[in-house]
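Before any comments, here is the structure.
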Amino acid sequence: MRLTHLAVTAVLLLPLAVMPASAAPGPGPVPASLAGVLPAPAGTAPDPHAAFTLNQDTVITASGAAAPVAERLAEAFRPATGFPLPVVPNATGNALALVLTDVGLGDEGYRLEVRTGGVEVRAARPAGLFAGVQTLRQLLPPEIESATPQRANWVIPGGRIDDRPRYAYRGAMLDLARHFHEPREVRRYIDQISRFKINYLHLHLSDDQGWRIQIDSWPRLTTVGGAQGTGVRGSGGGYLTKDDYRSLIRYAADRFVTIVPEIDMPGHVNAAQVAYPELTCDGVAPRPRIDIRVGYSSLCAGKEITYRFAEDVIRELAAMTPGPYLHIGGDEAHSTSHADYLTFGERVLPLVPRYGKIPMGWQEIAATRAARNAVVQHWNHEWDTGPVVAAATAGAKVVMSPANKAYLDMQYDLLTPGGLHWAGTIEVRAAYEWNPGRLLSGVPEESVLGVEAPLWSETLTDSGDIEFLAFPRLVALAELGWSPRATHDWSSFRARLGAYGPRWIRQGVRFYRSPQISWS
């Protein structure tokens, strides 16, 4: 984890002209177009004669389950336009219409049509409408991101987009254990990732340096493991109460992001053992750790209290998590013998479905027979991937998070601030130029559930640090997860990414201005 095609009748995405290699600012924002969206839509059919202009009298129409998505669209457009944009059940024209109807593009797919008389987003499910709305937001000029009214020409280019995701799972991960990020920071990240159709947020809630989720049956996990002075360098104290956690789940669900909680076991448990020494093999409390070393802690596979602890935590976490997955970690258990690791895995992995969830774990869990009923998360590009291939052959799904391509905590280069480089440095092109469906020989496309971009927090302290390491690379991973392989084109991606820069500036996002991108 960390070491010290969609076929559509519409025209496919047309590559944009390659921009100069220099990172110097361009002459101004690139006009929005159907072919300029991030991530790339599956199919676009521009119509230059069908543009629609948003104005003072425009309304948003929606009813039933589409109405909440419409309200969020109105909230996004009102500040910059200054228009009232009321949400109404129906209108005869001059409307942005959100319609729930099957368009043959799956649960998250959508059809967006722009004509001179209005805009229509159609989808089978609210999640598809939400995805279509994220595309619609990018079809207006960057000024739409402003918090105050702007003098702008609110023209939406005409044409049609048919779009659907390549993978069902498109994730980001945020480490709350090594540095606790306040709920407001997590909410800000949810807002940012949902813009790019990321639909899962994996929260790493426990590690050697801290425990960050309230568990009623083991209260010292947070009173001790989440106290001030925990975290890397002792600067990341804090934890989520159950109410905090449920609030984050609701906030994320409103943006069609599903929370995946992780409790790392049997390694990475020092904080739990400081709080409860009986979880060690000798009953002696270890010293608290605020360094970034890994692999030194382990639960005791031969003690029954280990399994009572694991079941209590899984039971309470599953009860407050509506999403389908519960991540049990399983990585870097270097202090656990292979036999003990297998014993632990065969007893603990089945506890997750007992409480109604699908188990998920880092690639090491593939060594256990129980992994065939789990989601295996590939991360280490240097280790033998035979167990992952075997698990996939037996029926497991795989999420691709190769550290040398997908780990957002790796530095862009050795001179950029923050982050680490044990898996190498990862510039934007390296994050973009790989194929999840062909990454591991023996793991076919149909076994790949999706992709995830982990962000470990050894060097993070606030939202600015999160944003600098996540953006723009997270957008590359989002495109890998959403867009059909046929649209994959570096020249097009770098041009679209460069054109997005003014939006981040208006949003106040501290993104890395990669020299590989010509920023508008």
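The values are calculated or read from the model by the stated rules, or taken from the named source; none is laboratory data. The shown structure was predicted, so the numbers you read here are calculated from the model rather than taken from an experiment. Positions of Cβ are generated from backbone atoms using ideal geometry, with glycine treated the same way; all protein chains shown enter the neighbour counts. SASA here: full protein model, heavy atoms, side chains in, ligands and nucleic acids out. Shrake-Rupley method; radii C 1.70, N 1.55, O 1.52, S 1.80 Å.
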- Search the stretch 148-174 for residues that are in a loop (DSSP other than H, G, I, E, B) and pair each with any residue that is open to solvent by 30 Å² or more (accessible area, probe 1.4 Å) and of a type in the set (K, R) when their beta-carbon atoms are under 9 Å apart and the residues are at least 6 apart or on different chains. G158/R115; R166/R485
- Note on the structure: In the stretch 292-311, residues that are in contact with a helix residue (DSSP H, G or I) (Cβ under 7 Å, 6 or more places away or on another chain) and either crowded, with 18+ Cβ neighbours inside 10 Å or closer than 13 Å to D208 by Cα (or both) total 8
- Item | Residue count for the stretch 32-47, restricted to those that are open to solvent by 10 Å² or more (accessible area, probe 1.4 Å) and modelled with pLDDT of 95 or more | 4
- Message: For the stretch 63-99, give me each residue that is in a loop (DSSP other than H, G, I, E, B) and either farther than 14 Å from V119 by Cα or open to solvent by less than 10 Å² (accessible area, probe 1.4 Å) (or both).
- Response: S63, G82, F83, P84, L85, P86, P89
- Name, by its number, the condition in (1) buried (at least 18 other Cβ atoms within 10 Å of the Cβ); (2) over 18 Å from Y276 (Cβ atoms) that does not hold for I314. (2)
- Identify, by number, the condition in (1) more than 18 Å from F52 (Cβ to Cβ); (2) open to solvent by 10 Å² or more (accessible area, probe 1.4 Å); (3) in a helix (DSSP H, G or I) that G128 doesn't meet. (2)
- Query: What are the pairs, 6+ residues apart or on separate chains, where a residue within the stretch 202-226 that is crowded, with 23+ Cβ neighbours inside 10 Å has its Cβ under 7 Å from a residue that is of a type outside the set (D, E) and at pLDDT below 95?
  - Reply: G210/G236; G226/G237
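Mind listing whichever residues of the stretch 460-469 are open to solvent by 10 Å² or more (accessible area, probe 1.4 Å) and either acidic (D, E) or touching a helix residue (DSSP H, G or I) at 6+ places or on another chain (Cβ under 7 Å) (or both)? Spell out the reasoning first.
Going residue by residue through the stretch 460-469, those that are open to solvent by 10 Å² or more (accessible area, probe 1.4 Å) are 461-465, 468.
Within the stretch 460-469, D462, S463, D465 qualify.
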- Any chance you could count how many residues in the stretch 470-502 are open to solvent by 10 Å² or more (accessible area, probe 1.4 Å) and of a type in the set (D, E, K, R)? 3
- Query: What pairs can you find where one residue is in the stretch 46-68 and more than 19 Å from R111 (Cβ to Cβ), the other is β-branched (V, I, T) and surrounded by fewer than 16 Cβ atoms within 10 Å (Cβ to Cβ), and their Cβ atoms are less than 6 Å apart, with a gap of 6+ or different chains?
  - Reply: V59/V88
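Here's the yes/no breakdown for (1) of a type in the set (K, R); (2) within 25 Å of I259 (Cα to Cα); (3) in contact with a Pro (Cβ under 9 Å, 6 or more places away or on another chain):
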{"site": "F309", "(1), (2), (3)": "no, yes, no"}
{"site": "L317", "(1), (2), (3)": "no, yes, yes"}
{"site": "D331", "(1), (2), (3)": "no, yes, no"}
{"site": "H334", "(1), (2), (3)": "no, no, no"}
{"site": "H338", "(1), (2), (3)": "no, no, no"}
{"site": "G345", "(1), (2), (3)": "no, yes, yes"}
{"site": "L351", "(1), (2), (3)": "no, yes, yes"}
{"site": "W362", "(1), (2), (3)": "no, yes, no"}
{"site": "I365", "(1), (2), (3)": "no, yes, yes"}
- Task: May I ask you to list pairs of residues, at least six apart or on different chains, whose Cβ atoms are under 7 Å apart, with the first in the stretch 280-296 being of a type in the set (A, V, I, L, M, F, W, C) and the second being in a loop (DSSP other than H, G, I, E, B) and exposed (fewer than 12 other Cβ atoms within 10 Å of the Cβ)?
- Result: I292/T4; V294/T4
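Search the stretch 244-284 for residues being of a type in the set (A, V, I, L, M) and loosely packed, with under 15 Cβ neighbours inside 10 Å, and hand back the single one that is farthest from T223 (Cα to Cα). Even if it seems obvious, please write down each step before you answer.
Restricting attention to the stretch 244-284, the residues satisfying the condition of being of a type in the set (A, V, I, L, M) are 248-249, 252-253, 257, 259-260, 263, 265, 269, 271-272, 274-275, 279, 284.
With the extra rule that they be loosely packed, with under 15 Cβ neighbours inside 10 Å, the set shrinks to 253, 284.
Numbers: A253: 29, V284: 19 Å.
Looking at residues that are of a type in the set (A, V, I, L, M) and loosely packed, with under 15 Cβ neighbours inside 10 Å, I get A253.
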- Of all residues in the stretch 100-117 being open to solvent by 30 Å² or more (accessible area, probe 1.4 Å) and not in a loop (DSSP other than H, G, I, E, B), the one that is nearest to T61 (Cα to Cα): L100
